[in-house]
Amino acid sequence: MARIVALDFGLKRTGIAVTDEMQIIASGLATVPTLDLLEFLEKYFSEENVELVLVGEPKQMDNTASQSEVSIGEFLKKFAEKFPQMPVKRVDERFTSKMAVRTMIDSGLSKKKRKDKALLDEISATIILQTYLYK
């Protein structure tokens, strides 16, 4: 089997999570500046066997798309041009940031570490991946 990669896309930075090759465990991988995301993925795809990329789909409570969906759409066009053979699925990411904060609190991280936005994005990507895996 191959890995699945999940992205918590943001305008400034993107959290990335991956599965193991058996697609059992979801783990945070990194948070990268969004401007460097395609380059990071190109390197990662060349080193690891990846069969699917999940991208968070931000929705409002009434199920309409959030404002960041425009930026995600632009990214997905560039992604499809660069990686035409790589399948992409969207995963509802409502409440992932709140769940990530709760995870940080429950794991005993200090207030200072909980303010680390990069860690929050990585945990959010992991939650997106877990949502997909455990459906």
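The table for this structure:
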read-out	value
Förster radius 25 Å - calculated FRET efficiency between residue 135 and residue 39, Cβ distance, rounded to 0.05	0.20
Kyte-Doolittle mean at least 1.0 and Cα axial length at least 20 Å: DSSP H helices in the chain	none
Magnitude of the charge dipole, segment 9-72, Cβ model with Lys/Arg +1 and Asp/Glu -1, debye to 20	320 debye
Cα principal axis extents for the chain, largest first, Å	41, 33, 30
Spin-label pair residue 70/residue 98, simplified geometry with 7 Å Cα→Cβ offset, distance in nm	2.6 nm
Span from the segment 33-50 Cα centroid across to the segment 1-25 one, whole angstrom	11 Å
Built amide H within the under 5 Å cut-off of residue 90, gap 5+	55
Additional length obtainable on full extension of the chain from residue 88 to residue 11, 0.36 nm per residue less Cα span	25.8 nm
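A short reminder: the numbers here are calculations on the coordinates, not readings from a lab. These numbers were taken from a predicted model, which means no experiment stands behind them. Every residue, glycine among them, receives a Cβ derived from its backbone with ideal geometry; neighbour counts consider all protein chains shown.
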